[in-house]
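The values are calculated or read from the model by the stated rules, or taken from the named source; none is laboratory data. Treat the numbers as computed from the prediction; the structure is a model and nothing was measured. Cβ: placed from backbone, ideal geometry, glycine included. Neighbour counts: every protein chain shown.
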Amino acid sequence: MIASWSSPLENISISLDINQFSLKRFVTFFCLFLLSFNFLFAQGTATCGSTIYDSGGLNGNYSVNELITTTVFPNNPDEKVRFEFIYFETEDTFDTLTVYNGDTTASAIFGVFSGNLISPSITSTHPTGALTFVFESDTSVNYGGYEILVSCQQISEGQYVSVDQS
């Protein structure tokens with residue numbers, strides 16, 4: 001065997017025997033195989049007072065095979081970031097938006113959102129005041145995605161802030 005490759009996205013495995021393919025053919029095959037997939041991996045930050053959209057923007061659908069991580073920090077140390085979902089529509093169960101209460105994906109999870117909903121607003125309770133979200137889409141169906149209004153709220157010491165269910 002000259003090569004083996006596995007995809008974590010679809011449990012695809014490719015194994016090639018040296019007796020069946022030359023190295024040149026393998027490289028050509030492998031490159032063409034990878035070009036047949038559309039992957040979007042992104043990482044970024046946003047600021048309070050901004051609106052966050054999926055990769056399709058305001059009027060388009062998000063793409064397949066996305067993995068986008070965005071962290072929002074408050075403008076001032078005495079503020080907490082608040083997300084308000086204006087629009088949310090993803091492929092139910094398969095395309096998800098995970099919101100973390102903090103500045104990394106190691107922070108506690110506020111919720112995992114999928115499907116059609118206008119979810120509750122979410123305000124950080126983390127000492128940094130930050131929220132992180134990870135959007136992940138699978139290899140097939142895509143929808144309108146999301147529009148999230150980001151704001152900062154001034155929080156007094158000891159004030160409890162959590163998910164607003166109204």
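Observations, loosely collected:
- Qualifying positions in region 62-74 - within 15 Å of the chain's Cα centre (by Cα) and buried (at least 17 other Cβ atoms within 10 Å of the Cβ): 62, 64, 65, 66, 68, 69, 70, 71, 72
- Residue selection: residue 97 fails the criterion of being surrounded by fewer than 18 Cβ atoms within 10 Å (Cβ to Cβ) and under 19 Å from residue 57 (Cα atoms).
- From 84, 79, 10, 89, residue being at pLDDT below 50 and not β-branched (Val, Ile, Thr): 10
- Residue 124, sole failed condition from (1) crowded, with 17+ Cβ neighbours inside 10 Å; (2) free of Cβ contacts under 8 Å to residues at least 12 places away in the same chain: (2)
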